[in-house]
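The next block holds one structure in the form of structure tokens; read it before the comments.
What follows draws every value from the coordinates through simple rules; no lab data is involved. Treat the numbers as computed from the prediction; the structure is a model and nothing was measured. Every residue, glycine among them, receives a Cβ derived from its backbone with ideal geometry; neighbour counts consider all protein chains shown.
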């Protein structure tokens with residue numbers, strides 16, 4: 001069954017500290033399933049996220065360039081990313097998720113939970129949480145593709161299971177010669193490369209005891225144009241960025257979804273490296289490490305007609321940050337670290353047609369003020385396919401290492417006195433599900449307090465950071481519908497309205513926030529008929545504002561656009577499939593970021609081989 005409205009028996013992973021079915025959760029959740037991911041054939045995950053409600057995707061240049069996701073008007077570093085259960089925001093890049101490194105060929109599922117979720121998952125979950133799962137299907141699948149803009153891709157992934165053990169692994173490669181971001185006469189093209197791998201293994205020591213390990217490596221190399229050192233105008237340069245994100249996780253879990261007691265112990269390690277070069281000469285480099293240890297215990301019991309589930313979790317986390325440069329002669333070199341501990345308690349209850357949830361979390365930071373966050377939600381099945389849901393949630397975003405300690409001689413000095421950004425939000429929805437039709441209408445409102453912003457001192461001509469006075473206000477409406485009459489057609493559509501403002505300068509009232517379209521939406525369809533399978537998506541992004549990153553640094557209006565992508569495949573034999581794919585088929589000339597061009601229409605063709613498994617349709 002396709003998405004974005006999930007079926008009642010689909011499992012939602014990140015709307016609670018423990019998995020639950022869609023019918024139980026009051027959260028606004030979108031799931032992109034394996035069939036749609038496979039049949040759309042998108043190279044990178046941001047193209048899939050763009051199809052979910054209230055997710056504004058900004059790619060600063062052609063494919064492979066820095067990509068940002070803003071959920072419900074939140075900042076780019078206010079989205080918490082999990083990859084195979086590992087917290088994956090980059091501590092060496094302002095705690096932002098590295099969406100441009102996420103190769104979709106190794107992804108089997110994308111889950112997006114909208115709204116503040118820090119009471120469950122801690123810092124950075126202000127806009128929401130995105131969870132990425134790797135491909136775990138048994139058998140082996142290999143594919144290759146080539147087409148416009150010098151694009152090439154190849155991947156192989158597979159899985160085996162038996163004797164209480166499972167093993168899944170994959171590796172994927174992409175590259176493109178790209179386009180010139182600025183479109184200047186004779187300008188050079190911005191190429192990118194992406195090489196990724198992932199591994200997951202589990203073994204059942206006993207009927208209700210399992211051990212597991214998972215890990216991933218994401219690497220990318222992208223070229224970009226910089227600035228004239230005298231005029232600061234855009235200039236065709238030989239700048240490039242090399243990025244690497246690697247992580248591993250070990251865990252032991254006991255119990256099951258029906259046992260009275262359950263729990264797990266897990267440890268994870270993530271490391272990242274980001275290097276900037278000019279004509280292959282080093283300019284600067286940042287690196288980071290995050291270690292995390294977690295213990296969680298769950299208890300199920302009943303009192304009368306109410307079924308209870310209590311969850312308690314303790315986490316200990318440490319982060320390290322390292323910065324080195326050559327452009328300033330090493331003056332900005334620094335080594336920093338920070339740590340924090342947290343305690344989370346969640347109660348879930350179910351009585352007849354009513355489901356309720358309350359979560360409370362306390363975070364203890366060693367570099368700034370501690371924080372306590374709350375989430376409460378409820379869902380009521382009112383009959384005849386209808387249900388109503390409402391929730392209140394709070395979120396926090398801790399200052400980044402750049403905010404606290406960043407230093408660039410004569411330009412920028414960090415502020416160790418910063419406090420965490422805080423947010424709170426309400427939402428309410430009415431939902432319908434009957435047969436192959438499902439729909440939802442949701443309204444929400446969120447406030448962000450103490451946003452961390454850059455400030456400029458006209459006396460010293462240096463910049464720093466500070467917590468802004470006043471509140472950022474975000475409100476909106478989301479509508480979703482899904483219809484699945486048969487395997488021949490699975491259709492989904494959504495529309496989102498967003499009103500996002502921030503305090504204006506010198507107390508001049510509220511002003512519209514940048515890179516946040518007021519109107520957005522998408523339509524997607526996929527299906528299969530005989531040997532044929534097919535999919536298409538149309539993503540609409542309304543007009544929005546952005547600020548130029550060069551003189552005169554003014555705010556400009558970027559026009560609306562609609563991206564039409566499609567793919568069709570034919571099974572030549574049982575395990576051999578040929579396919580053709582098209583991107584931006586309407587030939588839209590658009591910009592996500594002011595001054596940066598994106599690709600036009602692209603056409604691609606490829607072949608897919610299956611061994612020990614069938615196509616997903």
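Table for the structure above
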read-out: Euclidean distance between Cα centres, the range 447-480 to the range 410-444, Å; value: 16
read-out: Sites residue 506 and residue 447 - FRET efficiency at Förster radius 25 Å, r taken between beta-carbons, to 0.05; value: 0.75
read-out: Alpha carbon centroid spacing (whole Å) that separates the range 484-562 from the range 274-337; value: 30
read-out: Residue 233 versus residue 437: modelled label distance in nm, points set 7 Å from Cα along the beta carbon direction; value: 5.9
read-out: Label point 7 Å beyond Cα of residue 201 along Cβ direction - residues of the range 147-163 with amide nitrogen under 17 Å; value: 158-163
read-out: Packing rank of 490-496, 594-600, where each peptide gets the mean count of other beta carbons within 10 Å, highest leading; value: 490-496, 594-600
read-out: Stretchable slack from residue 345 to residue 455, in nm (0.36 nm times residue separation minus alpha-carbon distance); value: 35.8 nm
read-out: Ranking of 140, 160 by count of other Cβ atoms within 10 Å, fewest first; value: 160, 140
read-out: Point-to-point label distance, residue 368-residue 586, nm (Cα→Cβ direction, 7 Å offset); value: 4.0
read-out: Calculated diffusion of the chain, Stokes-Einstein form, Kirkwood radius summed over Cα pairs, 20 °C and 1.002 mPa s, µm²/s; value: 85
read-out: Proxy reagent accessibility, fewest Cβ within 10 Å first, across 82, 456; value: 456, 82
read-out: Relative contact order [Cα under 8 Å, 6+ residues apart], the chain, whole percent; value: 13
read-out: Spatial separation of Cα centroids for the range 184-218 and the range 85-123, in angstrom; value: 13
read-out: Residue 354 paired with residue 430, simple spin-label distance in nm, labels 7 Å along Cα-to-beta-carbon; value: 2.1
read-out: Net length gained if the chain between residue 576 and residue 256 were fully extended (0.36 nm per residue, minus Cα distance); value: 111.4 nm
read-out: Residue list for the range 506-521, given a label point 7 angstrom along the Cα-to-Cβ vector of residue 557 and an amide N cut-off under 18 Å; value: 511-520
read-out: Ascending count of other beta-carbon atoms within 10 Å, so fewest first, for 210, 518, 589; value: 589, 518, 210
read-out: Helix-derived mean residue ellipticity, 222 nm - over the chain, DSSP H n ≥ 4, -39500 (n - 2.57), to 500; value: -500 deg cm²/dmol
